[in-house]
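Single-structure report; data block below.
The values are calculated or read from the model by the stated rules, or taken from the named source; none is laboratory data. Keep in mind the model is a prediction, meaning the values are calculated, not measured. Reconstructed Cβ throughout: ideal geometry from the backbone, glycine too, with neighbour counts over all protein chains shown.
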Amino acid sequence: MRELITIEQTIAFIEGNQFEPAAYRDLDLRSLASLMEAKDFGASLFLGCDLESSTTCHLAAGGAYIIPDIKDFSFPVHRSRLYTADELFLGFDPDVPDSHLGTFDHRVYLEYVAAGRQFSESIQVTLARRLHDHSITEALEYMLQGRKVVAIMGGHGMERRDPRYLEVARLARRLTQDGYLLVSGGGPGAMEATHVGAFFATRGEEEMTRAVMSMSVRPAEAKPNTEYADADWLERAWRMRAEYPIPEGDEKKCESIGIPTWTYGHEPPALFASHIAKYFANSVREDGLLTIATHGVVFAPGSAGTIQEIFQEACQNHYFVVEDRCSPMILMGKEYWTVDKPVWPLLFQLAENQMYGELLYLTDCIEAVIRKLSSYQPDLYVKGR
């Protein structure tokens, strides 16, 4: 069933000679009442659309399915597009202390906590969240069409002044320049660095370095590896983004997608992602993030969450879960992944005599990562080769 998410698409589709049932999502169709009431929509699906009462009666009589938005929540249940940082942080003012507490993103998080987090006993709450997450997945799939997607995973505790943060940003910048669409878990640390790199894809590395340094100074009393908890974490990023805006006309060249979750809503989403697919269900978000990274996943240093993602991705490759193919897995940081968190020996052993073993790589070198990803040919790594 075709999905229509703009008024222009809808008018062209309705006025076309060949008509068939379709899905209409998150549209204000009241201005099209006369046009719609002269047509038969059959078993079409209307999700969160605004309709005149006469149009609603006409559609229902013809067998259409009409599922209105649920107005009891701060978040939209049926959404046709991904979020932007400006939408999530609507109401934030860097000159007003604690103004982030009044943003759309934080209001939704407070609702999430008040309703029992992921274990709400309300069927209305759980249904609304699942419908929301489904619409986000649909919007995400629409944006990914025809794109070569690479994910960078890594720890949320990586500080902006950590040399590894800049390494991740440099890698992301280069990959974005090479035409890849970068995705991450959409939070702080290595995830934020991923989007900073994409954000600066059309500018020089020195300018990006200066920008990162401008937001890396922490309060004197700050605890290590919890920069996202600093009272001015968001303010510093906000001011940097304002000082270094994407050059006009370069927006498409600097795209990236953050995929965070309200499960970890105490961590603000990455401000530098051009698009944000924010979920309630963390399990859907984690598995989906790895699934869409069909051209490879790079693992920067991280802790339990990153290690879990390494073996999730290994499992997808091991059993050819995604399109009957396997894809590159690159661990950045030889000492980290062999000594500090010795994941590499086990992963290497697991992949022995498996096709994806050819796609495992451990390195400290950005250029080596880029060569490995650019040499990947998906059709050579198909199940049953």
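Note on segment 1-106: enclosed helices (runs of 4 or more DSSP H) holding 3 or more residues that are within 23 Å of residue 268 (Cα to Cα) are 85-88. Of everything in segment 143-154 that is in contact with a helix residue (DSSP H, G or I) (Cβ under 8 Å, 6 or more places away or on another chain) and surrounded by fewer than 23 Cβ atoms within 10 Å (Cβ to Cβ), the residue that is farthest from residue 197 (Cα to Cα) is 144. In segment 7-46, of all residues being polar (S, T, N, Q) and surrounded by 13 or more Cβ atoms within 10 Å (Cβ to Cβ), the one that is farthest from residue 69 (Cα to Cα) corresponds to 9. Identify, by number, the condition in (1) in contact (Cβ under 8 Å) with a residue 24 or more places away in the chain; (2) in a loop (DSSP other than H, G, I, E, B) that residue 222 doesn't meet. Result: residue 222 passes all but (1).
The test for being more than 21 Å from residue 82 (Cα to Cα) and in the same structural domain as residue 283 (by TED's automatic domain parsing) does not hold for residue 179. When you look at residue 176, is it surrounded by fewer than 19 Cβ atoms within 10 Å (Cβ to Cβ) and closer than 17 Å to residue 258 by Cβ, yes or no? For residue 176, the condition - surrounded by fewer than 19 Cβ atoms within 10 Å (Cβ to Cβ) and closer than 17 Å to residue 258 by Cβ - is not met. Taken as a whole, the condition of being modelled with pLDDT of 95 or more, under 20 Å from the mean Cα position of the chain (by Cα) and within 22 Å of residue 186 (Cβ to Cβ) does not apply to residue 333.
For segment 184-202, a residue qualifies if it is among the small types (Gly, Ala, Ser) and either under 12 Å from residue 160 (Cβ atoms) or in contact with an Asp or Glu (Cβ under 6 Å, 6 or more places away or on another chain) (or both), and the qualifying residues are 187, 189, 190, 193. Considering 10, 84, 55, 103, the condition of being hydroxyl-bearing (Ser, Thr, Tyr) and in contact (Cβ under 8 Å) with a residue 60 or more places away in the chain is satisfied by 84 alone. Output yes when any residue across segment 319-334 is within 20 Å of residue 382 (Cα to Cα), crowded, with 20+ Cβ neighbours inside 10 Å and small (Gly, Ala, Ser), and no when none is. Within segment 319-334, one or more residues are within 20 Å of residue 382 (Cα to Cα), crowded, with 20+ Cβ neighbours inside 10 Å and small (Gly, Ala, Ser). Selection over segment 171-189 of residues that are under 17 Å from residue 275 (Cα atoms) and either in contact with a Cys (Cβ under 9 Å, 6 or more places away or on another chain) or of a type in the set (A, V, I, L, M, F, W, C) (or both) gives a count of 5. As a summary of the residue check, residue 170 satisfies the conditions (1) within 23 Å of residue 252 (Cα to Cα); (2) surrounded by 14 or more Cβ atoms within 10 Å (Cβ to Cβ); (3) not assigned by TED's automatic domain parsing to the domain that holds residue 290 except for the one numbered (3).
So which residues in segment 271-291 are assigned to a helix (DSSP H, G or I), among the hydrophobic types (A, V, I, L, M, F, W, C) and buried (at least 20 other Cβ atoms within 10 Å of the Cβ)? The answer is 289, 290. When we screen 134, 195 for residues that are buried (at least 23 other Cβ atoms within 10 Å of the Cβ), in a helix (DSSP H, G or I) and on the phi < 0 side of the Ramachandran plot, the only hit is 195. Within the option set 213, 158, being part of a helix (DSSP H, G or I), of a type outside the set (Lys, Arg) and over 30 Å from residue 77 (Cα atoms) holds for one residue only, 213. Residues considered: 360, 289. Of these, the only one that is more than 25 Å from residue 140 (Cβ to Cβ) and hydrophobic (A, V, I, L, M, F, W, C) is 360. Scanning segment 175-188 for residues that are assigned to a loop (DSSP other than H, G, I, E, B) and more than 12 Å from residue 271 (Cα to Cα) yields 178, 179, 185. Restricting attention to segment 301-352, the residues that are more than 18 Å from residue 287 (Cβ to Cβ) and β-branched (Val, Ile, Thr) add up to 4.
Of the residues 261, 306, which single one is at pLDDT 95 or above, closer than 22 Å to residue 357 by Cα and hydroxyl-bearing (Ser, Thr, Tyr)?
306
Checked against (1) within 29 Å of residue 314 (Cβ to Cβ); (2) in a helix (DSSP H, G or I), residue 238 meets all criteria but (1). The residue pairs whose first member lies in segment 113-139 and is not assigned by TED's automatic domain parsing to the domain that holds residue 23 and among the aliphatic types (A, V, I, L, M), whose second member is surrounded by 12 or more Cβ atoms within 10 Å (Cβ to Cβ) and assigned to a helix (DSSP H, G or I), and whose beta carbons are closer than 6 Å, counting only pairs six or more residues apart or on different chains, are 115/125.
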